[in-house]
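Since the structure comes first, as structure tokens, the remarks are kept for the end.
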Amino acid sequence: INPRVLHSSGSICTSGKTLLWTNECTDKMVIVQQFTTVCGSHRNSRLGLPRPAAHASSPPGSDSSSPCDSAVMPAAPPDFKEELLSSLRIDMAAIFKTELQAALSEHFTSIKTELQSVKSELSGSITNIQVKVSALESTVVEMETSLSTYSDDIASLQSKVELLSAELLRVDNKCEDLEARSRRNNIRIIGVPEDSTSSSTMSAVSILLKEAFQLDKEPILDRAHRSLQAKPKPGERPRPIIARLHYHTDCVDILRRARAQQRIKVGDMAIHIFPDHTAKTARARAAFNDIRRQLREITLPGLRYGLLYPACLRITYDGTERVDLVSSQAVLPSWKWYGLLRSFYLTH
């Protein structure tokens, strides 16, 4: 049943029967017609259709009063209300659906366009990133290969450096030993003034040694000269004289006499005679100077000390107990050596 099919007489056709409107039914239908008109106007405005003109007056020849005003009609059946409400719901749902689709279609089109542009941009960016990642992967592979090669080379070089370092140490020790052996017959004379050029000649040094130790004959020298330093100014300490004796026995005898006399007087000169050590050995032995000075200040009977070659300080007491100190231990502070010597003194 379509409730919108109205006759000019104001009645509704239902199953071949004509029902008259009551006052209540008329009011409800007017409300429904106004609501339908408003929805149609709103739909036309959203869809861009012309708005229908309002009915200003009734058509000619028609009566302005409804037939319901002149007669009392019976109430509408309940099925009619349900059908009317159902039809309204369907029409309103269709209108809302159409308007919603029209409103969303435009937004969906713009959103779809933006998504397509974003998708194209992302595709281009992803392509560029993939190219860069591929280049980085190839670079990383090359670097890994290079690093592996370099690591192998470094390991090989490290082993070679260790071997060369050990070989260099061995050669250095051998050179030091050869230099020390070449100086075995040398003596170093300190305190001879540089008043004349003849003071460092071989004959003058032989006569000086004979007079200093009352030797039976002058020792035979292979050579004699001043140390290779700049000539000092007047009043400065003279350069030492380095003399090489021809026989090793003469060198040992002279050094033994020099250790026994310590301070040697020759005329108006006071000279000192020491072995001619290498620079490395001399520095190692000089590290014990402070300790030897402290030992000289200790007056303990039976206490003896001496430097062994190349650089080892030996301290003995009563000829039985001894302490051997190497040059690497001589770099400790002097107060520690004083404590060591004091403890050694108190224990004896």
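The values are calculated or read from the model by the stated rules, or taken from the named source; none is laboratory data. A quick note: this is a predicted structure, and the numbers were derived from the prediction, not measured. Cβ sites come from the backbone with ideal geometry, for glycine too, and all protein chains shown count toward neighbours. These area figures cover heavy atoms from the full protein model, side chains too; ligands, DNA and RNA do not enter into them. Shrake-Rupley method; radii C 1.70, N 1.55, O 1.52, S 1.80 Å.
Within segment 310-331, take every residue that is open to solvent by less than 50 Å² (accessible area, probe 1.4 Å) and modelled with pLDDT of 75 or more and give me the one that is farthest from the chain's Cα centre (by Cα). Among residues in segment 310-331 that are open to solvent by less than 50 Å² (accessible area, probe 1.4 Å) and modelled with pLDDT of 75 or more, the one farthest from the chain's Cα centre (by Cα) is 317. Of all residues in segment 204-211, none satisfies being closer than 25 Å to residue 310 by Cα and out of contact with any helix residue (DSSP H, G or I) (no Cβ under 7 Å at 6 or more places or on another chain).
Would you say residue 232 is touching a strand residue (DSSP E or B) at 6+ places or on another chain (Cβ under 9 Å) and closer than 21 Å to residue 201 by Cβ? Steps first, answer last, please.
Working: touching a strand residue (DSSP E or B) at 6+ places or on another chain (Cβ under 9 Å): no; closer than 21 Å to residue 201 by Cβ: yes.
Answer is no for this residue.
Checked against (1) modelled with pLDDT of 70 or more; (2) open to solvent by 50 Å² or more (accessible area, probe 1.4 Å); (3) within 27 Å of residue 276 (Cβ to Cβ), residue 307 passes all but condition (2). Filtered by the rule that a residue be open to solvent by 20 Å² or more (accessible area, probe 1.4 Å) and over 51 Å from the mean Cα position of the chain (by Cα), segment 263-293 gives 263, 265, 267, 268, 269, 270, 272, 274, 275, 293. Go through the residues of segment 147-165 one by one and say whether even a single one is within 18 Å of residue 273 (Cα to Cα) and surrounded by 10 or more Cβ atoms within 10 Å (Cβ to Cβ). Checking segment 147-165: not a single residue is within 18 Å of residue 273 (Cα to Cα) and surrounded by 10 or more Cβ atoms within 10 Å (Cβ to Cβ).
Of the residues making up segment 283-313, those that are assigned to a strand (DSSP E or B) and under 25 Å from residue 178 (Cα atoms) are 306, 307, 308, 312, 313.
The C-beta contact set for segment 300-312 (first residue closer than 13 Å to residue 287 by Cα, second residue in a strand (DSSP E or B) and of a type in the set (A, V, I, L, M, F, W, C), distance under 6 angstrom, 6+ apart or interchain) comprises 307/313; 312/326. Screening 101, 116 for residues that are free of Cβ contacts under 8 Å to residues at least 60 places away in the same chain and within 54 Å of the chain's Cα centre (by Cα) leaves exactly one candidate, 116.
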